[in-house]
Amino acid sequence: MLAYIIRRVAQSILVLLVVGLVAFSMFRFVGDPIDNMLGQERTQADIDRLRTELGLDQPFPVQYFKFLGGAAQGNFGVSYRQGRPVSTIIAERAPATLELAAVSGFLAISIGIALGVFTAIRRDGWVSNVIMTVSLLGVSLPTFLIGILLIYLFSVELDLLPSFGRGEVVDLGWWTTGLLTSSGLKALILPSITLGLYQMTLIMRLVRSEMLEVLRQDYIRFARARGLKERTVNFRHALKNTLVPVITVTGLQLGAIIAFAIITETVFQWPGVGLLFINAIQFVDIPVMAAYLMLISVMFVGINLIVDLLYFWVDPRLRADRGGAH
Amino acid sequence: MANLDTSTDTSPSAKPKEPGAIARFRDSDFYWKFTRSPVAMVSFTVTLILVLSAVFAPLIAPYDPFDPGSLNLMNGFSAPGVPNAFTGDEFFLGTDDQGRDVFSTILYGMRISLFVGFAAVMFALILGVTLGLIAGYIGGWTETIIMRIADIQLTFPSILVAMLIFGVAKGFTPVEYRDQMAIWVLIVAIGLSDWVQFARVVRGATLVERNKEYVQAAKLIGRRSPAIMLRHILPNVLSPVLVIATISLALAIIAEATLSFLGVGAPPTQPSLGTLIRIGQGFLFSGEWWILLFPAATLLTLALAVNLLGDWLRDALNPRLK
């Protein structure tokens, strides 16, 4: 068991080292850093001095590990386009993305579970059929088209909600929030629905199929036979037992929400990290791209590691299997 | 006895006529299922029409949207089917701000979308099938490494992988080639984000096939490993590959549109459907709805038709689901 955990952690570290190598190679080989930093009037002495100062005369592996060390401390260099430290820019942008992701996740889970339970209990009702059909449409529409469609309906035709930006934000010093002003809340509605819709349909379908499975089980029939109220049976007995897979799927989707925020943020010009990354690709702002690459990898590798280890901890069969195979 | 005689008779006059390829196809189980599925027939027809009109875009399109000589700025913002107020020209689906015929730009845009989609899927298919065959047939360390990489890549959403690869590749392309190379970079990025499905399925099928008698027989007569993989195993694992390729095509078209919409895909000189939607979004508030609606509807129709076709293929080719 310990061997499995060690192997799993070692694998995660290896992945991060490879991603780091890609990020570092971009830094090192796309353009000449010296060119980017020194102006026209430079002497060979200046170049040599800066080369030594930046450690560019050192062997490749040494430079690589220095870069990793810097990245681990949150030092990703200076943005070519904005001329400010990348870490500062990301820290400014992170609250917008995290707030959007949190609200979308909350919407996806609460509405997803509610609709899933509803469509499972009233499985043949026409409302359920409508919901299922609409959800199929929601899965097959690309995210950016959903966003445009919502903008068209609610901003252009009905003129109810803003189509871009975060609205008014309150600066708490280390965090800016749009949750405290009415214009900030209004601005959140369309982007969070756009971002959460896919996960919502996913959770809804999952809860529905799990519920249908559970409702067939004997203990549900016994609960009914005991004369328990329908509501007690559905929520206390059935729903509780469907939640384990829902929690794991939701955990894994957490990373997907942050990744898909790139698309939503571009559609709604939401000033978050995703929009920053897209602009960085457009203008080939290497330090920002490298930083985003590293951050998102750390996040994904971390989430997957945690989910894997949780599985391992929850399910004893997995432990026995692994032990037998090796 | 009489029966035996006719079947062994080798004289040319008495030989029963071999059915041709088309006749055999018409007689097949596959064709029978196809003619009994309205969804399959409709989605196949729609896909075929769209693909053909993309291929023959230069013949069908009434204007060449990329020939500056044929453009008249006065024609800008013509509504669909209404004669332009200044020039009196009429455009079936209207024009955009520069007076380009929307119908023509859609045809040319679909050409690029489909080209990128097909090329990316081919790239993913070749890479994935090769690695899957090698992993399944050779096994050992090679298999572990290939499948580990596949597992790791699978934990990242493929659109994110494509975006990251596109960004990295763009960084490494010299500035003067960036626009020119963008389409190829896009193909490689989408292809690399999508090979895992192929590799996993082919590896699984190869693991089953490699222990069958015909493979052992081929080994015994001394055929080399590459020949066994390509000539003997490959044909037997192709039907799931076809299914994945069709579904991947729909996904690749959407991925390309998404990237181009975000402005990190097809360059402005070669607008795909995604680029057209990006341009059209700018006119959402000023009321020129046709610049956005028609490319978006085309993209949806195309993706939906290919997707439904893929779903049907999966059901038709998978005997386990019967």
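The values are calculated or read from the model by the stated rules, or taken from the named source; none is laboratory data. Please read all numbers here as calculations on a predicted model, not as lab measurements. Note that we place each Cβ from the backbone using ideal geometry, even for glycine, and neighbour counts take in every protein chain shown. Just the protein is used for accessible areas: all its heavy atoms, side chains included, with ligands, DNA and RNA removed. Shrake-Rupley method; radii C 1.70, N 1.55, O 1.52, S 1.80 Å.
The selection criterion, being within 14 Å of chain B (Cβ to nearest Cβ) and not aliphatic (A, V, I, L, M), does not hold for A:SER128. Restricting attention to region A:81-111, the residues being over 18 Å from the mean Cα position of the chain (by Cα), assigned to a helix (DSSP H, G or I) and surrounded by 16 or more Cβ atoms within 10 Å (Cβ to Cβ) number 4. Within region A:271-295, restricting attention to residues that are within 7 Å of another protein chain (Cβ to nearest Cβ) and open to solvent by less than 30 Å² (accessible area, probe 1.4 Å), the residue that is nearest to A:VAL19 (Cα to Cα) is A:LEU293. Against the definition (among the aromatic types (Phe, Trp, Tyr), touching a residue at least 24 places away in the same chain (Cβ under 8 Å) and within 14 Å of chain B (Cβ to nearest Cβ)), how does A:PHE235 come out, yes or no? It is false that A:PHE235 is among the aromatic types (Phe, Trp, Tyr), touching a residue at least 24 places away in the same chain (Cβ under 8 Å) and within 14 Å of chain B (Cβ to nearest Cβ). On inspection, A:GLY196 passes the criterion of being part of a helix (DSSP H, G or I) and within 24 Å of A:ALA256 (Cα to Cα).
For (1) surrounded by fewer than 18 Cβ atoms within 10 Å (Cβ to Cβ); (2) of a type in the set (D, E, K, R); (3) closer than 30 Å to B:ALA316 by Cα, each residue gets a yes or a no:
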| residue | (1), (2), (3) |
| --- | --- |
| B:LEU238 | yes, no, yes |
| B:VAL241 | no, no, yes |
| B:GLU256 | no, yes, yes |
| B:ALA266 | no, no, no |
| B:THR269 | yes, no, no |
| B:LEU273 | no, no, no |
| B:LEU292 | no, no, no |
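Consider region B:170-187 and keep the residues that are facing chain A (nearest Cβ under 10 Å) and of a type in the set (A, V, I, L, M, F, W, C). The one that is nearest to the chain's Cα centre (by Cα) is B:PHE172. Considering A:PHE154, A:PHE164, A:PHE76, the condition of being within 14 Å of chain B (Cβ to nearest Cβ) and not in a helix (DSSP H, G or I) is satisfied by A:PHE164 alone.
Taking the stated definitions as given, is A:ILE263 in contact (Cβ under 8 Å) with a residue 12 or more places away in the chain and within 14 Å of chain B (Cβ to nearest Cβ)? It is true that A:ILE263 is in contact (Cβ under 8 Å) with a residue 12 or more places away in the chain and within 14 Å of chain B (Cβ to nearest Cβ). Can you find, within region A:205-225, the residue that is nearest to the chain's Cα centre (by Cα) among those that are more than 30 Å from A:THR133 (Cβ to Cβ) and either of a type in the set (A, V, I, L, M) or not in a helix (DSSP H, G or I) (or both)? Here the answer is A:ALA223.
Quick test of your reading of the structure: A:LEU252 fulfils all but one of (1) of a type outside the set (Phe, Trp, Tyr); (2) within 13 Å of chain B (Cβ to nearest Cβ); (3) in contact (Cβ under 8 Å) with a residue 60 or more places away in the chain; (4) open to solvent by 10 Å² or more (accessible area, probe 1.4 Å). Name the failing condition by number. Single failed check for A:LEU252: (3).
Scanning region A:131-151 for residues that are modelled with pLDDT of 80 or more and within 13 Å of chain B (Cβ to nearest Cβ) yields A:LEU141, A:PRO142, A:THR143, A:PHE144, A:LEU145, A:ILE146, A:GLY147, A:ILE148, A:LEU149, A:LEU150, A:ILE151.
Taking the criterion of being under 20 Å from B:LEU293 (Cβ atoms), aliphatic (A, V, I, L, M) and surrounded by fewer than 18 Cβ atoms within 10 Å (Cβ to Cβ), the residues of region A:142-174 that qualify are A:LEU149, A:LEU153, A:VAL156, A:LEU158. Would you say B:GLU209 is open to solvent by less than 80 Å² (accessible area, probe 1.4 Å) and either modelled with pLDDT of 85 or more or facing chain A (nearest Cβ under 10 Å) (or both)? Considered against the rule, which asks whether it is open to solvent by less than 80 Å² (accessible area, probe 1.4 Å) and either modelled with pLDDT of 85 or more or facing chain A (nearest Cβ under 10 Å) (or both), B:GLU209 comes out as yes. Evaluate the following for A:THR194: is it within 14 Å of chain B (Cβ to nearest Cβ), modelled with pLDDT of 85 or more and in contact with a Gly (Cβ under 7 Å, 6 or more places away or on another chain)? Yes. Take the residues in region B:106-154 that are open to solvent by 50 Å² or more (accessible area, probe 1.4 Å) and within 14 Å of chain A (Cβ to nearest Cβ), then tell me which one is farthest from B:VAL55 (Cα to Cα). Only one residue tops the list, namely B:THR144.
Restricting attention to region B:306-318 and to residues that are within 12 Å of chain A (Cβ to nearest Cβ) and open to solvent by 10 Å² or more (accessible area, probe 1.4 Å), the residue that is nearest to B:SER113 (Cα to Cα) turns out to be B:ASN307. Taking the conditions (1) in contact (Cβ under 8 Å) with a residue 12 or more places away in the chain; (2) of a type outside the set (Asp, Glu); (3) farther than 22 Å from A:ARG28 by Cα in turn, B:TRP184 satisfies each one other than (1).
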